[in-house]
1. Return yes or no: is A6 in contact with a Lys or Arg (Cβ under 9 Å, 6 or more places away or on another chain) and either at pLDDT 85 or above or surrounded by fewer than 20 Cβ atoms within 10 Å (Cβ to Cβ) (or both)?
2. Please go through region 337-364 and pick out each residue that is modelled with pLDDT under 95 and among the charged types (D, E, K, R).
3. Kindly provide the set of residues from region 304-337 that are among the charged types (D, E, K, R) and open to solvent by less than 30 Å² (accessible area, probe 1.4 Å), ordered by number.
4. Which residue, of V53, V136, V129, is touching a residue at least 60 places away in the same chain (Cβ under 8 Å) and part of a loop (DSSP other than H, G, I, E, B)?
5. Only residues that are part of a strand (DSSP E or B), buried (at least 23 other Cβ atoms within 10 Å of the Cβ) and not β-branched (V, I, T): list them for region 203-232, please.
6. Whether any residue in region 344-353 is closer than 22 Å to G176 by Cβ, outside any loop (DSSP other than H, G, I, E, B) and either open to solvent by 10 Å² or more (accessible area, probe 1.4 Å) or β-branched (V, I, T) (or both) is what I want to check.
7. Is it fair to say F301 is crowded, with 23+ Cβ neighbours inside 10 Å and over 18 Å from the mean Cα position of the chain (by Cα)?
8. Is it fair to say A284 is aliphatic (A, V, I, L, M) and assigned to a helix (DSSP H, G or I)?
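The values are calculated or read from the model by the stated rules, or taken from the named source; none is laboratory data. Please read these numbers as outputs of a predicted model, since none were measured by experiment. Ideal geometry is used to build each Cβ from the backbone, glycine not excepted, and the neighbour counts take in all protein chains shown. Just so you know, the surface numbers come from the protein's heavy atoms only, side chains and all, with ligands and any DNA or RNA stripped out. Shrake-Rupley method; radii C 1.70, N 1.55, O 1.52, S 1.80 Å.
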Amino acid sequence: MKGKLALVAGMIAVVVVCGIARGGAKAQSSGAPVAVNTAGPKKAEEQYKNIQVLKGIPADQLIPAMQFIATSLGVGCEFCHVEGAFEKDDKKPKVIARKMMTMMFAINKDNFEGHREVTCYSCHRGSTVPVGTPLVMAEEPKSTGEAKKAEEKNEGAEANGPPADQLFDKYLQDVGGATAIEKVSSRVMKGTITFGDRNVPIDIFSKDPDKRVSFTHTPEGDSVTAFDGHEGWLGIPGHAVREMHGSDIDAAAMDADLHFAAHLKTMFSEAKVRGTEKVGEGNAYVVIGQRDGKTPLQLYFDMQSGLLVRLVRYGETPLGRMPTQIDYADYRDAGSVKIPFRWTLARPGGRFTIQVSEVKENVPVDDAKFARPASPPEGQKGPAK
């Protein structure tokens, strides 16, 4: 049980606990810059030992790249690396992995003008051995007529569905309207987080503008995920505080905005409806939102209620994008606005559900809650490729 609970804490910290899909894009929509290190980020080879193929990438991108490989092949770190000595080349799979990455980069350079069209996942699909033989037919396929009807239905939904701005407006009204949302200055939530068959308490504090911190209470201690409007950090029991970088900062800024629904129309450079999909028991319009200089978002609005029931966002790595899907449910009134009291976050490596039991809005929240601990970021000892 202890190990599983520790895994819960670790996953929450790495993924960044996602708050109500209401928090989202004030920093992006207002044009407020996120603080950056003017000295410039370290390169992977400056922070890690024995970097060969991935020289030149930012050091904070190495671990996400390794996670992308592990997910694509369905393996753990030990498949390629010597435990406790990640820089060693003793294992053959590590040597092969270097060759595969080199091959992937060459394929994209020579055939796709350098655009990343082929990734590890293109061939492996969760297996260490790529599938090279077509699979036998496991069941009778749909008739040509049925397939054509399904295709026409999806295309028709895209052509006849409401424009994205109209869906944004309906969602905004359904959760309380712009005036009510903009009056929310803080939110304090208590609940439980479920990972598999384990449940642990969680407390989440949010404060305008763009501050958010969560405390997941495990037997080993509190796992903390925090964002103060400019910087984010992660704290796992037994480890030093670790800074957020790149897509984690983007996600944290998105989660920290208490006025997400009011900012949707201004956060995208382009937003289009791309048909419908089934989410839970209902159908939803799918909106693809493009963001300048950032990965796109997919938003799913229930066709009946107009509420946001799913959001998919992506973390960029040197080898490919890692998706994070958040499903929202159990919408209830919380003061003058409506929010989901349950959300499920899923990534290729796992999933968890947060169920809120208590919500207080516009209550005092001390800024000290979001203050960064004094301990320095953990010196990472990670894999080398």
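1. Numbers: in contact with a Lys or Arg (Cβ under 9 Å, 6 or more places away or on another chain): no; either at pLDDT 85 or above or surrounded by fewer than 20 Cβ atoms within 10 Å (Cβ to Cβ) (or both): yes.
When the stated conditions are applied, A6 does not pass them.
2. R347, R351
3. We begin by selecting, within region 304-337, every residue among the charged types (D, E, K, R); these are 310, 313, 316, 321, 327, 330, 332-333.
Hit for region 304-337 is R313, nothing else.
4. That would be V53, the only listed residue that is touching a residue at least 60 places away in the same chain (Cβ under 8 Å) and part of a loop (DSSP other than H, G, I, E, B).
5. S206, K207, R212, S214, S223, A226, F227, G232
6. Residues of region 344-353 that are closer than 22 Å to G176 by Cβ, as a first pass: none.
No, the conditions are met nowhere in region 344-353.
7. In short, yes.
8. no
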